Every structure is written in C-alpha cells, then in structure tokens.
Amino acid sequence: MVKALIIVAHPEQQSYNHHLARFAKDILEQQGAEVRLTDLAAIALDPVEHPRHYRKRRKADRFDVQSEQRWAHEDGATPPDVTRQIEDLMWADLVIAQFPLWWFGLPAILKGWIDRVFIYGGMYSGGRRHDTGHCRGKRFLASTTAGASARACAYNGQEGETELILWPSLYAFRYVGFDVLRPFIMHGIRGGVGPDELADYQAMIAGYERDYARVLRSLDERPLVPYNPDEDYDTLRQLRPGAPVHSPFIRHERDPRWDCSNQVK
Ligand SMILES: Cc1cc2nc3c(=O)[nH]c(=O)nc-3n(C[C@H](O)[C@H](O)[C@H](O)COP(=O)(O)O)c2cc1C
C-alpha cells in the first residue's frame with residue numbers, strides 16, 4: 001500500500017491549491033493509498049530557521065546553522081515541529097508538494113519548511129546525499145499552479161519556462177535522495193475571471209483536473225526529472241567529460257552570459 005504525504009503550502013483553505021490537495025488525497029485513497037495531509041499554514045510552521053528553535057545550543061556565541069542542526073539531531077534535541085515533519089517524511093514513500101508559484105519560486109512557508117526540515121546530519125551529510133540520500137527510494141511530485149498563461153510560461157515566454165524555474169527547488173529533493181517525478185504544472189490559474197471568460201476557464205480547469213487525475217492514477221509511468229548519477233562527477237564534484245547534460249544548470253561549456261568567474265576584476 002502506498003503511503004503518501006501531501007504538503008500544501010497556501011494560506012487560504014478555500015484556495016484552488018487546497019482544492020487540489022484534497023483532490024489528490026481523494027484519488028490516492030481511491031487507489032488504496034494511505035494519505036497524510038499537512039497544511040503548513042494551519043500548523044503555522046515557522047519558516048524562519050532561527051536560534052529560538054534550539055533550546056540546547058552547543059555554541060551560544062554564534063549560530064552556526066548546519067552545526068546546530070547536526071548537534072541537535074545527535075542530541076535528540078531537534079525542534080519538535082521539525083521532528084514531526086521528518087517522521088512524516090520517513091513514513092511516506094510518496095511526497096506531493098502542492099503550491100502556487102510565487103515570485104518565480106516557492107511560497108516562503110514551503111521554502112522555510114525545506115530550510116528547517118532538511119536538517120544537516122539527519123536528512124543529509126557529505127556522505128549521504130544525491131544517490132545515497134536518506135530519502136532514497138521515495139518519490140517526490142511537485143504540483144504547482146501559476147497565474148501566468150501556458151504561453152507566457154513556455155520556453156520562449158516572458159515569464160521564463162516554469163519547469164526550469166522549478167529546477168533548483170526540485171533539486172533540494174533530489175539532494176536528499178528522492179526520485180523526482182516530472183512536476184505537474186497548471187498555468188493560468190487566477191481569480192477575477194470575468195463572466196465572458198468563465199466557460200473557457202472552467203473548461204481549462206476541467207482539462208487540467210482530468211490530466212492530474214490520470215497522473216495520480218499512473219504515477220509509476222510518470223517520467224523522472226533526469227539527474228546525473230554520482231559517478232558522473234569527478235573528485236572535485238564536477239561533471240566528467242562525456243557525461244550527459246540534463247539541464248542548463250549543470251553542463252560542460254562555460255557560458256559567458258552566466259559566467260560568475262569574472263565578478264572580481
Ligand atoms: C505573492 C504572489 C506571487 C506570485 N508570483 C507569481 C509568479 O511568479 N508567476 C506566476 O505565474 N504567478 C504568480 N502568482 C500568481 C499565483 O501563482 C496564482 O494566483 C496561484 O497559482 C493561483 O492559485 P490559488 O487560487 O490556489 O491561489 C503570484 C501570486 C502571489 C500572491
């Protein structure tokens with residue numbers, strides 16, 4: 001039986017994102033899955049990693065975040081709200097994050113959930129990441145809504161391509177070991193739809209929901225986001241010559257448009 005954790009990151013329970021989280025829960029349950037749903041706004045998860053979360057600090061004069069996360073983990077003193085999130089993650093074999101695209105990225109509460117929950121020592125370390133990450137064997141699906149149209153979010157659209165915009169966020173899940181499924185993205189999701197547009201808008205939503213239901217019923221067939229395996233990198237953790245390139249973020253050729261090596265002249 002699939003154990004699925006759905007994390008919804010939206011402050012309004014009547015939002016379309018909450019509707020989609022419940023929609024996914026219903027469909028997965030119909031498939032026989034056991035589903036837990038975490039509403040980050042309802043539990044008021046503090047997205048700000050901060051010394052106040054650490055009652056027993058090993059180093060009081062300076063908050064070294066990764067070290068305190070690791071020490072807290074070793075001392076069994078991980079903040080209780082984080083511990084609960086990690087327990088759910090470890091329980092699940094499928095994790096779905098349901099969120100709107102906000103300012104070309106994750107809503108702060110979801111980004112903060114990653115900052116606080118993917119703890120150094122507990123969720124990753126130098127020796128446990130990527131192919132050997134703690135979440136190895138688990139699957140992750142991002143289900144994202146965007147206000148801009150599919151055309152504006154295409155490869156040549158002014159908003160930038162949504163799948164590329166999501167790449168760094170999804171990489172955090174790859175980093176801790178997840179198999180990352182291709183994200184499911186709904187474009188053109190917005191309020192204030194006028195009466196003359198309503199029929200078209202509803203037809204678009206109905207189409208998206210049919211597609212999402214199909215995706216949820218056939219997750220085994222959903223392609224994964226491709227990443228290089230660890231052996232494609234050398235000892236300096238750079239891509240070996242001849243290794244395949246799966247994204248513009250990790251490639252063989254320097255591109256002068258993105259070259260940061262000349263920051264100091
Ligand atoms: C703070 C904020 C930032 C947003 N940034 C983007 C954006 O970068 N790209 C985009 O397409 N839509 C953006 N939107 C629109 C939302 O993605 C859209 O309203 C949402 O997906 C609709 O889902 P909902 O009804 O569940 O809120 C933004 C909305 C808000 C409130």
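The values are calculated or read from the model by the stated rules, or taken from the named source; none is laboratory data. Everything quoted here is computed from the prediction, not taken from an experiment. FYI the Cβ positions are ideal-geometry reconstructions off the backbone, even for glycines, and counts take in every protein chain you see.
Structure notes:
- Taking segment 84-101 as the range and being crowded, with 17+ Cβ neighbours inside 10 Å and without any contact (Cβ under 8 Å) to a residue 60 or more places away in the chain as the test, the residues that pass are Gln85, Ile86.
- Listed here are the helices (runs of 4 or more DSSP H) enclosed by segment 52-161 that have at least 1 residues being at pLDDT 95 or above and touching a Leu at 6+ places or on another chain (Cβ under 7 Å): 80-91, 108-117.
- For Val8, the conditions (1) in contact with an Asp or Glu (Cβ under 8 Å, 6 or more places away or on another chain); (2) within 16 Å of the ligand (Cβ to nearest atom); (3) over 23 Å from Arg139 (Cβ atoms) all hold with the exception of (3).
- Gly188 fulfils the conditions (1) at positive phi; (2) exposed (fewer than 15 other Cβ atoms within 10 Å of the Cβ) except for a single criterion, (2).
- Only residues that are hydrophobic (A, V, I, L, M, F, W, C) and under 30 Å from Ala154 (Cβ atoms) were counted in segment 83-140, giving 16.
- Leu198 being more than 16 Å from the ligand (Cβ to nearest atom), assigned by TED's automatic domain parsing to the domain that holds Leu101, surrounded by fewer than 19 Cβ atoms within 10 Å (Cβ to Cβ) and at pLDDT 95 or above: no
- Condition met for Tyr208 (part of a loop (DSSP other than H, G, I, E, B) and either among the aromatic types (Phe, Trp, Tyr) or surrounded by 18 or more Cβ atoms within 10 Å (Cβ to Cβ) (or both)): no
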